Amino acid sequence: MRVLVIGSGGREHALCRSLAADPQVTEVHCAPGNAGVAQVATLHPVVPTDPEAVARLAADLGADLVVIGPEAPLVAGVADAVRQAGIPCFGPSAEAARIEGSKAFAKDIMAAAGVPTARSYTCVTPEEAAAALEEFGTPYVVKDDGLAAGKGVVVTEDRDEALKHAVACGRVVIEEFLDGPEVSLFALCDGSTAVPLQPAQDHKRAYDGDLGPNTGGMGAYTPLTWAPADLADRVMAETVLPTVTELARRGTPYTGVLFVGLALTAGGPKVIEFNARFGDPETQVVLDRLETPLAGLLLACANGTLDRFGPPAYREGAAVTVVVAAENYPAEPVKGDAIEGLSDVAGDAYVLHSGTAFDGDHVVSSGGRVLSVVGTGPDVAAAREAAYGAVARIRLRGSHHRTDIATQGL
């Protein structure tokens with residue numbers, strides 16, 4: 001099998017790494033990729049959001065499967081163009097990807113499907129936003145209706161800050177705050193069948209103690225030994241399958257991964273958000289534990305044959321990833337700084353590249369989240385120790401990382 005992965009972040013490096021380890025896969029290609037992905041895949045220059053360019057590249061390569069990593073290409077219709085070229089594609093259509101592309105659309109789907117989630121209003125004027133904030137009270141939750149790279153959500157006790165964000169976004173979803181630990185669950189879908197992967201927990205805030213602005217994610221870990229044993233089954237029954245059924249009823253069958261961001265409230269799991277792709281950095285730890293070969297699972301989703309697979313199998317133990325971010329992330333990150341110490345990481349840890357590039361023979365930072373350092377071990381404590389031991393060997397001027405990733409899992 002010849003596989004083409006679209007994207008350039010840590011999620012795509014994790015995908016390429018897992019695909020390269022799959023005995024069924026003969027070639028892994030990635031467009032555009034990054035300096036780390038180049039170690040496990042052949043890179044190709046392409047604009048990921050250009051449907052025709054991606055479909056043409058896939059055809060030129062003779063790809064047997066195209067895997068679309070980020071959300072922007074999905075919303076732009078890249079999966080549609082690849083399928084129209086007759087090539088199996090893992091990723092939802094542009095219409096189905098609105099589940100992430102529009103928070104208001106996602107809320108409409110959840111209401112129609114009876115999915116447990118927060119009460120909300122879609123607001124387009126400052127007056128509507130002010131009224132919604134007044135009704136729900138603190139903490140205020142304001143979400144940009146469109147794509148915002150994981151940074152379009154403000155959760156704050158400050159009404160002025162909440163209203164300012166709403167006005168700046170233009171169209172927002174304002175909802176009641178869901179109290180409880182947050183969990184991420186990926187469900188692989190082929191349009192009618194869906195199977196869950198192992199749950200993980202992300203850390204969204206920039207600084208220790210869940211302080212600071214929202215980011216794309218500063219670290220993650222799995223498994224969640226503290227979560228209810230029936231969590232995945234319950235979320236599949238109450239959330240994923242009703243959502244997939246509703247989308248199919250509307251003529252937009254969902255093919256790809258449905259990312260469910262959950263709050264485990266006193267009333268049970270409730271949906272915070274849907275994403276139309278693998279989450280980053282949760283993918284880095286979930287795929288590390290996945291024992292079932294990845295390519296076959298993704299191709300089955302693309303071909304509508306997922307019902308032939310049993311539940312995915314996992315390796316024993318745990319995985320923890322810590323994100324090393326560039327100076328000034330998540331505001332205006334500094335780019336172009338040399339990264340040193342990558343070759344010193346070994347043993348129970350390895351590095352996945354998120355925002356890196358080559359400057360001659362040197363690897364330099366090229367994005368806000370620069371590296372995802374993954375540690376593994378027999379339990380979360382050992383995996384965490386391995387991850388932070390590896391982080392200590394890496395040198396990037398001005399970089400920062402959280403020091404409390406996975407403490408809830410200890």
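Listing for the model above:
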item	result
Ranking by accessible area, most exposed first, for Val47, Val322 with a 1.4 Å probe	Val47, Val322
Peptides 89-97, 332-340 ordered by average Cβ neighbours within 10 Å, highest first	89-97, 332-340
GNM flexibility winner over the chain from Thr26, Thr245, Thr215 (Cα, springs under 10 Å)	Thr26
Length gained when the stretch Arg119-Arg159 is fully extended (0.36 nm per residue, less Cα-Cα span)	12.6 nm
Computed accessible area, Tyr388, all protein chains, 1.4 angstrom probe, square angstrom	40 Å²
Under the Debye formula (equal points on every Cα, no solvent term), log10 I(q)/I(0) of the chain at q = 0.10 Å⁻¹	-0.63
Karplus-derived 3J(HN,Hα), 6.51/-1.76/1.60, for each residue of the range 125-133, Hz, glycine and proline x	10, x, 5, 5, 5, 4, 5, 5, 4
Highest-fluctuation residue, Ala331, Ala104, Ala130 considered, GNM on the chain with Cα pairs under 10 Å	Ala331
Projected-area mean, the range 1-74, by convex hull of Cα positions, square nanometres	4.2 nm²
Ellipticity estimate at 222 nm from DSSP helix runs (n ≥ 4, -39,500 (n - 2.57)) divided over the chain, nearest 500	-8000 deg cm²/dmol
Mean Cβ neighbour count within 10 Å, used as a protection proxy, ranking 296-306, 389-399 highest first	296-306, 389-399
Percentage of interatomic Cα-Cα distances in the range 257-323 larger than 20 Å	45 percent
Estimated Rh, the range 297-390: Kirkwood, alpha-carbon pairs, angstrom	15.5 Å
Per principal axis, descending, Cα span of the range 177-262 in whole Å	43, 27, 22
For the range 14-27, Karplus couplings with θ = phi - 60° (6.51, -1.76, 1.60), whole Hz, Gly/Pro x	4, 4, 5, 4, 5, 5, 5, 7, 7, x, 6, 9, 9, 9
Extension gain (nm, one decimal) between His44 and Ala392, 0.36 nm per residue minus Cα-Cα	122.1 nm
Gaussian network model of the chain, springs between alpha carbon atoms under 10 Å - residue of Asp202, Asp190, Asp233 with greatest fluctuation	Asp233
Amide proton proximity set for Val370, modelled H, under 5 Å, gap of 5+	Val324, Ala325, Ala326, Gly355
Rg(Cα)/(2.2 N^0.38 Å) for the range 102-187, N = residue count	1.05
Two-site FRET efficiency, Gln24 against Asp230, from Cβ-Cβ distance with R₀ of 30 Å, rounded to 0.05	0.40
Principal semi-axes in Å for the range 242-354 [√(5λ), Cα gyration tensor, largest first]	32, 21, 16
Computed Rg/Rh of the range 150-214, alpha carbon atoms with Kirkwood Rh	1.07
Sorted peptide list for 247-254, 378-385, 207-214, criterion being average Cβ within 10 angstrom, highest first	378-385, 247-254, 207-214
Calculated SAXS-style log₁₀ I(q)/I(0) at q = 0.10, 0.14, 0.20 Å⁻¹ - the range 1-143, Debye, Cα scatterers	-0.46, -0.72, -1.05
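The values are calculated or read from the model by the stated rules, or taken from the named source; none is laboratory data. The model shown is predicted, which means the values in this text are computed figures rather than measured ones. Cβ atoms come from the backbone with ideal geometry, glycine included; neighbour counts cover every protein chain shown. Protein only, heavy atoms only, side chains kept; ligands, DNA and RNA dropped before computing areas. Shrake-Rupley method; radii C 1.70, N 1.55, O 1.52, S 1.80 Å.
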